[in-house]
1. Does any residue in region 566-595 that is farther than 22 Å from residue 54 by Cα come within less than 7 Å, Cβ to Cβ, of a residue that is hydroxyl-bearing (Ser, Thr, Tyr) and crowded, with 19+ Cβ neighbours inside 10 Å six or more places away or on a different chain, and which pairs are these?
2. So, of the residues in region 122-159 that are in a loop (DSSP other than H, G, I, E, B), farther than 18 Å from residue 104 by Cα and not small (Gly, Ala, Ser), which turns out to be modelled with the highest pLDDT?
3. From the list 9, 27, which residue is of a type outside the set (Lys, Arg), surrounded by 22 or more Cβ atoms within 10 Å (Cβ to Cβ) and either in contact with a strand residue (DSSP E or B) (Cβ under 9 Å, 6 or more places away or on another chain) or at pLDDT 80 or above (or both)?
4. Run down 481, 530 and say which single residue is at pLDDT 70 or above and in a loop (DSSP other than H, G, I, E, B).
5. Looking at residue 93, is it modelled with pLDDT under 90 and on the phi > 0 side of the Ramachandran plot?
6. Out of the residues in region 279-309 meeting the condition of being within 27 Å of residue 216 (Cβ to Cβ) and among the small types (Gly, Ala, Ser), tell me which one is surrounded by the most Cβ atoms within 10 Å (Cβ to Cβ).
7. Can you tell me which of (1) closer than 25 Å to residue 478 by Cβ; (2) in contact (Cβ under 8 Å) with a residue 24 or more places away in the chain; (3) crowded, with 18+ Cβ neighbours inside 10 Å is the one residue 391 doesn't meet?
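The values are calculated or read from the model by the stated rules, or taken from the named source; none is laboratory data. Because the structure is a prediction, the values reported are computed rather than measured. Here the Cβ positions follow ideal geometry from the backbone for every residue, glycine too, while neighbour counts run over all protein chains shown.
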Amino acid sequence: MLRWLDARAEELGLRVGMGTAAAIEGAWPYAPVLEALADLCRRHPVLLDGLADVYRAEIEGALRGTAADWTGDSRHQRLFVSAAELLRLASWGAGAVLIIDDAHDADEASLRLLHYLSRVAVSERLIIVVAHRPWPLRPAMDAMRRSLIGRGTSVPMDLKSLQDKDIRRLARRAGSDPVELERIVKLAGGNPFAAIELARTAETADYRTGPVGALVLRGLGADATAGLTRVAVLGSAFNTDEYVAMSRLGEARAFALLDEAVAAGAVERTGAGYRFRHSLVRDALLDGLPPHQLLPLRRQAATVLEDLGASPARIGHQLLQAGDLGPAAPFLLQAARAEAAVGAYRDALSLIDTIRVDIRGPERAPLLALRADMLMATGDAGAVPAYRETLAATEDLAARRQLLPRLARAAIFAGDYATAADALDGLEPDGSAEDAALLLARGNLAYFNGDLAGAEAAADEARHRLALADLGDWRLYDLITLQGLIAHLRGEWFSRLAVELRAGAERPDLARAMFDSHLCVGEYLLYGPTPHEEVLMLADKLRESARRSGVLRAVAFATALRGEAALLSGDLALAEAELTEATELHHDIGSTAGEAHSLQRLADVHLAQGNRAEAQQLLRRALPLARWSATALHLLHRVYGGMIRAAPDVQEARAVVDQAISTIGQEDMCLFCSIMLAVPAAVACADAGDLDDARKHLAMAERSAALWKCMAWQGAITEARAHLDRAEGDPDTARRRLLEAAELFAAAGQPLDADRCLA
């Protein structure tokens, strides 16, 4: 059916891409979706030419399957956004179809990407066809299927057995005589694949029984069948080098047998090599193969793949299937690191968990450390015990010194300050590269315990040690943010900015990092007790000082801050002027974070003016800039929150919530900024009738609001509760809460928000 759909879509002028989740065992994360995107680009190469450079580079890198070791940074959102933009481009005009076969075999990372793209398809001329076998399904596949059907954005089609008349019509095309035709109808049992193969091979007089896929092998010689069996352990797809090496017959003989297999319809050519015509054919070759034959083939496959320079994941998978856990461990560790580097955290964790109990030797401690780091990245509560398990398996003192600050960081985020204090107890800077992480953990612990003096001392010392650090080091941004928060609580934030301004004048390369890091603190100021008129005045002074010092990033920062203050105070004309200038300034100096932030706020201005279409356009520009910035964990919440508010209707707003949750994940969590997504998400879910999700997002907003301690966000939460009350059938309570929210907004100096509640 999928082949027919592919051909029919091409006839209609639709752009088509096909991929299968059963292609290669131990394949690169996202492989089936990337295969479909690669097929789409092969058929329509002009698509990549029309794609923005940043998107194109991300797609091409993913198609090559290249990734450095994981550094703790999250990258998968870049791939998600890039894949969505490619499909948007492909869907322009007549439309596009993306087909994924054998989705029941897909890795969890592929299902997450597919889930995200299916939500994008709601607003585009795009159809995504996902084919999978019947129940039982793996939990991730089952969850995705239920989610899409439950949202009303997908239509399930359960394919039943064909009736006898339809089987006759399929088989008759092969020219079968009436007697043979009835035999085919009886043997096919309503299976169209079986009917076609029985009819196609009827003249072979080969009546072997077995799986449906064995029908394709009827008439195929023993040597050709043996060669296919050997290569089948690699998966449903393979290239010529792999086939020759696995067959052990020499190039000439191997190619002759491969031609025989193609002629018999057992395999078919693809753009990258060959694949079995159907996964059932591969199953027929391997089913029933005894262990004493299969296990040596697995070991041979591992050797062949290693000689050919295949990915560690493929090599490790073959060794693992062969039961060679010790030799597999180094390859599986490399594979897990590569998966983590592209955001396939759950797949990497699953890979590690398959061997975690049994693995011994030098790979055990690094494997456990990677597992703990990924649990931390995904916000899993198991990170703290995972770090404890890693420490118990780690004897090297230097490695333990690296792990203890990570344990403290995980404990701080979990609110377990006692564990964090125990982990840091006795640790002192020793001049190593890990000093900054230690001091940052110490500073965060002191801050959350209310010890501002201790937090400031730790942050200042860490800042000094990172003065010459790589500007891409996330610890530098976190330290500057921590210093800004401390200064804000002391009422010294603008004084702190003046210090940063002087440092930026002396070292311009640091200016961008410093002021990008203050974006989060700036919001803390705007939604706090400082009057907006005072913020406007102080920001103007900062801008003039920055102009005299020649620090353009500070000029742009101050201009954006003035625009935000004007927006919240209700002066839309001033806000539009300042934020437009801030957008242009940030663009000119190449500050992606500042430009994304300014575009998002400018979109808020246009939305307040009633220009929803312009707001949506600005937010679409802001999204990739936010994703590619070093402060993505702060900006993505704001941009997606704006996209929810700018959605034209309830259904679209609800779809944006799903997109945001799919692409952000816990690894991009900022305890402060999360409220900027959680509040509009709660409102959208409540309005759409998804009460459980609304309560979940509202709870997240309440946890974040506890850190802000300001009337403005209390007003926003009260407004969100009103939407939930109305969805629960309590309009009187909803009205009372809206009036309360309006009072809170008015007291916070935000008249536009107050008017919305009163309306």
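1. 578/559; 579/598; 581/559; 582/559; 582/598
2. Step one: filter region 122-159 for residues in a loop (DSSP other than H, G, I, E, B), giving 124-125, 131-138, 151-159.
If we keep only those that are farther than 18 Å from residue 104 by Cα as well, we get 124-125, 151-153.
Those left that are additionally not small (Gly, Ala, Ser): 124-125, 151, 153.
Values: 124: 84, 125: 88, 151: 67, 153: 74.
Looking at the filtered set, the residue picked out is 125.
3. Residue meeting the stated conditions: 27.
4. On the way: 481 fails: in a loop (DSSP other than H, G, I, E, B).
Unique residue meeting the criteria: 530.
5. On the way: modelled with pLDDT under 90: yes; on the phi > 0 side of the Ramachandran plot: yes.
So residue 93 passes the test.
6. 301
7. (2)
Each row is one residue, and each column tells you yes or no for (1) in contact with an Asp or Glu (Cβ under 6 Å, 6 or more places away or on another chain); (2) in contact (Cβ under 8 Å) with a residue 12 or more places away in the chain; (3) more than 26 Å from residue 478 (Cα to Cα); (4) part of a helix (DSSP H, G or I).
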site: 671; (1), (2), (3), (4): no, yes, no, no
site: 676; (1), (2), (3), (4): no, yes, no, yes
site: 686; (1), (2), (3), (4): no, yes, yes, yes
site: 701; (1), (2), (3), (4): no, yes, no, yes
site: 734; (1), (2), (3), (4): yes, yes, yes, yes
site: 740; (1), (2), (3), (4): no, yes, yes, yes
